[in-house]
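Trainee: Can you keep this structure in mind? I'll have questions shortly.
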Amino acid sequence: MKRLLDKLRSINHLFAKGMVLWCVACGTAASAYSLRILARTGHDPAALLGVILAFFGGELLLMCLKTVLSEKKGKDDFND
């Protein structure tokens with residue numbers, strides 16, 4: 001168990017990678033289910049699918065913006 005925990009801790013950006021996989025998997029599942037609704041009932045679930053995909057896309061956008069806008073200390077910042 002200790003080796004597994006050490007191996008997981010050594011992976012860079014593990015939470016971000018997991019979040020991307022989660023959002024893609026949930027978006028794919030929602031799309032497949034909306035196609036099932038369309039095939040069985042004939043009702044168009046586009047509005048609901050748009051809201052669901054916008055939610056997961058927003059999560060990914062916020063995570064991306066957090067990474068881009070974070071202030072990291074570079075090598076030049078320490079020499080001043």
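The values are calculated or read from the model by the stated rules, or taken from the named source; none is laboratory data. This one's a predicted model, so the numbers in the text were calculated from it and none came from an experiment. Cβ coordinates were reconstructed from backbone atoms using ideal geometry, including for glycine residues, and neighbour counts include every protein chain displayed. When the accessible area is computed, the model is the full protein with side chains, heavy atoms only, and any ligands, DNA or RNA have been set aside. Shrake-Rupley method; radii C 1.70, N 1.55, O 1.52, S 1.80 Å.
Trainee: Filter segment 1-19 down to the residues that are closer than 21 Å to residue 57 by Cβ and not aliphatic (A, V, I, L, M) and list them by number.
Mentor: Within segment 1-19, 13, 15, 17, 18 meet the criteria.
Trainee: Say we look at segment 62-80 and pick out the residues that are outside any helix (DSSP H, G or I) and open to solvent by 70 Å² or more (accessible area, probe 1.4 Å); which of these is modelled with the highest pLDDT?
Mentor: If we take residues in segment 62-80 being outside any helix (DSSP H, G or I) and open to solvent by 70 Å² or more (accessible area, probe 1.4 Å), then 71 is modelled with the highest pLDDT.
Yes/no per residue for (1) touching a residue at least 40 places away in the same chain (Cβ under 8 Å); (2) surrounded by 11 or more Cβ atoms within 10 Å (Cβ to Cβ); (3) touching a helix residue (DSSP H, G or I) at 6+ places or on another chain (Cβ under 9 Å); (4) assigned to a helix (DSSP H, G or I):
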residue	(1), (2), (3), (4)
6	no, no, no, yes
17	no, yes, no, yes
25	no, yes, no, yes
31	no, yes, yes, yes
49	no, yes, yes, yes
52	no, yes, yes, yes
60	yes, yes, yes, yes
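Trainee: What residue, of 11, 37, is in contact with a His (Cβ under 8 Å, 6 or more places away or on another chain) and surrounded by 10 or more Cβ atoms within 10 Å (Cβ to Cβ)?
Mentor: The conditions single out 37.
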